[in-house]
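Where a number appears in this text, it was derived from the coordinates with a stated rule and is not lab data. Predicted, not measured: the structure shown is a model, and the values here were computed from it. Cβ sites come from the backbone with ideal geometry, for glycine too, and all protein chains shown count toward neighbours.
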Amino acid sequence: MSLINRKIRFLLGFFQAVLLILKGQIRKAEQDHRQSHGILPVYFHNPDRKCFQKLIEWFIKKDYVFIALDKIEEEVKINDNRKKVWISFDDGWKENYTELLPVLKQYSIPATFFISVDCIEKRYFWFSYVRKQASSLTNAINEFWGMPNNERIIKVQQIIENSGKRPDIETFSIGQLKKLASCSQFSFGNHSLTHAILINCNEFELDHEIADSNKILEKYVGRKVDALAYPDGKYNESIIKYLKMHGFQYAFTTKPGLIIEASDNMILPRNSVPNYASFYENLCHAFGVWQLPINELKKLLNKNIKNY
Ligand SMILES: [Zn+2]
């Protein structure tokens, strides 16, 4: 996104967020949160440090309690007045380590990192590399998300070889992952081996992407890993069955919501906060209310189309 587009997007997001807040959507979401005794699951990819810190400080000011991954199960059963939030990060972006770690440590925030081990070993993300090469590609970028997994791996490899340019370093290193793992406040989850879209994988590839990568990740972090975040939030029944068979306790989607006692552990919600947005927009995303105007518009359109 060019700088001008980014600024326009920032401003539009700011105004939409202010409208949502003025309409009382955050207040209502906070009420729902309190009534459900649930946990607010907030996740990030590679957020700007200032935006991230401001959001964390808002939660602290509002007396939120930060919950660790291994406490989710028991915390959803406790009906008290504490407001609970769980923080996680996807992929393993290097700035999570260089920029955000001081904030996480300063406020002793327990956080979970969902890691794509192969990307960490190679130090780049294929989707990010493909995006950067967009103008020279014959395939539209979106096609890569729908391709059979083996085809995607071959095509990405070809793109890298043809460009003759080594991908930029985008992830933290294995050494940094191990340093994170030496802090008990952090926990780790699987995010597939190569950041594969799991619904595009056959059974053999699932073994590679999930079971094999889990063993490697467990070796690096020195603990058992039994949680997974579906890359791009994509899953189906056979993937859920596969995860259960392989001892996974939790799997997280990208659907907004609250984690409550009645939630299905294999399709738990998470609210995505963008990398670069205003504080008000981040707040709307964190509470899962950002999609409300879009959902209302969709409902209105559906109703009118049916009546037409
Ligand atoms: Zn991801």
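Structure notes:
- Max mean-square fluctuation residue, GNM over the chain, Cα-Cα springs under 10 Å, options 114, 127, 52: 127
- Cα-projected label distance for residue 80 with residue 158, points at 7 Å along beta-carbon direction, nm: 5.8 nm
- Sequence ranges 34-41, 54-61, ranked by mean other-Cβ count within 10 angstrom, highest first: 34-41, 54-61
- Largest GNM mean-square fluctuation among 231, 148, 47, using the chain with Cα springs under 10 Å: 148.
- Cα gyration tensor category, rounded, prolate or oblate, for the chain with a/c compared to 1.5: rounded
- Top positive-direction residue, dipole computed over the chain with Cβ charges, set 271, 180, 192: 271
- Among the lysines of the stretch 169-297, pairs that are 8 or more positions apart or on different chains and have alpha carbons within less than 18 Å of each other number 10.
- Sparse-neighbour loop sites [trypsin sites (Lys or Arg not before Pro); the stretch 95-127; at most 12 other C-beta within 10 Å; DSSP]: none
- The residues packed around residue 12, meaning those with a beta-carbon under 14 Å from its beta-carbon, carry a net charge of +2 if Lys and Arg are +1 and Asp and Glu are -1.
- Only the Cβ atoms of Lys and Arg (+1) and of Asp and Glu (-1) were treated as charged; on that basis the dipole of the stretch 30-108 about its Cα centre amounts to roughly 320 debye.
- With helices as the sole contributors, the chain gives -13500 deg cm²/dmol at 222 nm; each DSSP H run of n ≥ 4 counts as -39500 (n - 2.57), and the sum is divided by every residue.
- Contour minus Cα-Cα distance for residue 60 and residue 2 (0.36 nm per residue): 17.5 nm
- Computed from point charges on the beta carbon alone (+1 for Lys and Arg, -1 for Asp and Glu), the dipole magnitude for the chain about its Cα centre is near 1060 Debye.
- Distant-in-sequence amide contacts of residue 188, defined by a placed amide H-H separation under 5 Å and a gap of 5 or more residues or a different chain, comprise 113.
- Signed unit charges on C-beta, dipole axis of the stretch 15-68, positive-most listed residue 55, 42, 22: 22
- In the chain, a dipole from Cβ-located charges (positive for Lys and Arg, negative for Asp and Glu) runs towards its positive end, and of 126, 239, 98 it is 98 whose Cα lies farthest in that direction.
- Of the three principal axes defined by the Cα atoms of the stretch 138-269, the extents in descending order read 49, 35, 28 Å.
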